[in-house]
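Single-structure report; data block below.
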Amino acid sequence: MIYVGIDPGSTGAVAVIDGNRSVSFYDTPTVEVNSGGKIKNMPNQYAFADIFREISTRGEDMIVTIEKVWAMPGKGGPGGRQAMGVTSAFNFGMGFGMWLGVLAAMKLPAQQVAPMTWKKTMMADMEKEKDASRVKAMALFPQAASMLNLKKHHGRADALLISEWGRRNNHYP
């Protein structure tokens, strides 16, 4: 059995845990797009499908768990700032929808888990900031520490903890 966790954010990742507890990662694939004279990184849904085609070649059944996300435009952040702009919220939701679409097209059922649910279980003994997930993931999977050693690897760590949550809590619809 293979357990797959998806952190669907633009800096997210896909983490795979196999039956031997070996771990592999795929950073969220993006493509550069010229938008209004600015170069932006956008999700690359074709590469999303390539990731799952590659994982499928392992020939094992897989349990996929994706973080259930939602946009929060207009919510006040620290100092009264807007937490997420409208464009960011749209792009965030679009990326999540692309992951779901690819999984559906490939007939791969996926369970969804809210961030507060997997974090409550997987990080019960620590703070919930982004870097804490790296620390926890390295503690649970020391063999993956070299792939989680940079702060920018928080998406990998989240995906790995989501995958492990899915391994422990298989609740397919």
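What follows is calculated from the coordinates using simple rules that are stated; it is not laboratory data. Since we're looking at a predicted model, the values are computed, not measured. Backbone-built Cβ (ideal geometry, glycine too); neighbour counts: all protein chains shown.
Straight-distance candidates among the aspartates and glutamates for linking to K120, with alpha-carbon spacing under 17 Å and chain neighbours fewer than 8 residues away dropped: D7, E67, E129, D131, D158, E164. For the peptides 144-151, 12-19, residues were scored by their other Cβ atoms within 10 Å and the scores averaged per peptide; the highest-first order is 12-19, 144-151. Were the residues from A124 through M1 laid out at 0.36 nm apart, the gain over their Cα-Cα distance would be 41.7 nm. Structure remark: mean-square fluctuation, Gaussian network model of the chain, C-alpha springs under 10 Å; the largest value among D27, D50, D125 belongs to D125. In straight Cα distance, which aspartates and glutamates are under 16 Å from K107, not counting same-chain residues fewer than 8 positions off? Within the straight-line cut-off, K107 pairs with D50, E54, E60, D61.
Rounded to the nearest 20, the Cβ-based charge dipole of the chain about its Cα centre (Lys and Arg +1, Asp and Glu -1) stands at 400 debye. Annotation: the antiparallel percentage among DSSP beta bridges lying fully within the chain is about 65. Put simply, the amide H of A110, placed in the peptide plane, has no neighbours under 5 Å, leaving out anything fewer than 5 places away on its chain.
Selection among F92, V64, A15 by position relative to the dipole of the chain gives F92 as farthest towards the positive end (Cβ unit charges, Cα centre).
Of the DSSP H helices in the chain, those with a Cα length along their own long axis of 18 Å or more and a mean Kyte-Doolittle hydropathy reaching 1.0 comprise 86-105.
For I2, the residues whose modelled amide H falls within less than 5 Å of its own, excluding neighbours fewer than 5 places apart on the same chain, are D61, M62, I63. For the pair the range 24-53 and the range 117-160, the centres of their Cα atoms are 23 angstrom apart. Placing a pseudo-label 7 Å from each Cα along the Cα-to-Cβ vector at Q112 and N41 gives an inter-label distance of 2.5 nm. Distance between the 7 Å Cα→Cβ label points at K152 and D61: 3.9 nm. When the pairs K68/K151; K119/K152; K38/K136 are compared against a 25 Å limit on Cα-Cα distance, K38/K136 fall above it.
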